[in-house]
1. Exactly one condition in (1) at pLDDT 85 or above; (2) over 21 Å from ALA105 (Cβ atoms) is not met by GLN3; state its number.
2. Restricting to the stretch 72-96, give me the number of residues that are assigned to a strand (DSSP E or B) and either in contact (Cβ under 8 Å) with a residue 40 or more places away in the chain or loosely packed, with under 13 Cβ neighbours inside 10 Å (or both).
3. Could you list all residues from the stretch 43-60 that are in contact (Cβ under 8 Å) with a residue 12 or more places away in the chain and in contact with a Leu (Cβ under 9 Å, 6 or more places away or on another chain)?
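The values are calculated or read from the model by the stated rules, or taken from the named source; none is laboratory data. Values in this document were obtained by computation on a predicted structure and should not be read as measured data. All Cβ positions, glycine included, derive from the backbone under ideal geometry; neighbour counts span all protein chains shown.
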Amino acid sequence: MTQLAVQAQYNPNLPRNNSGTANDDVPDDFGDNGKFSWQRVFTGGGLGVQFGNVTNVSLSPLVGYHFTNRFSAGASFAYNYFRDGRSSLVYKYNLWGPGALLVTAFSGSFLCTPKFNNFL
């Protein structure tokens with residue numbers, strides 16, 4: 001099973017140039033001259049749990065890197081356990097797989113975040 005999710009977000013705090021628009025010409029705040037820096041690494045993810053006749057547990061850690069003020073990329077892993085015991089026939093499955101994440105700022109203060117997961 002393959003999953004593609006896209007999220008859009010308004011962020012008024014993106015770096016601005018003199019004309020008021022966000023762009024990569026604004027010096028980044030990392031101060032490392034574009035070289036690899038652990039300050040540019042970010043982590044995140046999600047955790048979800050539901051218990052009862054229907055049990056659903058999901059875990060999705062991710063790690064990424066801020067390449068510029070407006071572009072980041074990362075890798076993720078997703079796991080989902082599901083069990084439905086509401087009838088005499090119990091449905092149960094485990095899904096897991098790797099994923100990729102891109103974050104880009106465009107058109108002023110808007111962010112676009114497509115995330116791809118390939119469940120095995």
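1. Failing condition for GLN3: (1).
2. Initial filter on the stretch 72-96 (assigned to a strand (DSSP E or B)): 72-84, 91-96.
Filter once more, so that each one left must be either in contact (Cβ under 8 Å) with a residue 40 or more places away in the chain or loosely packed, with under 13 Cβ neighbours inside 10 Å (or both): 76, 78, 91-95.
Adding up the residues that qualify gives 7.
3. THR43, GLY44, GLY45, GLY46, LEU47, VAL57, SER58, LEU59, SER60
So that you can scan it fast, the table gives a plain yes or no per residue for (1) modelled with pLDDT under 90; (2) under 30 Å from TRP38 (Cα atoms):
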| residue | (1), (2) |
| --- | --- |
| ASN94 | no, no |
| ALA100 | yes, yes |
| VAL103 | yes, yes |
| LEU120 | yes, no |
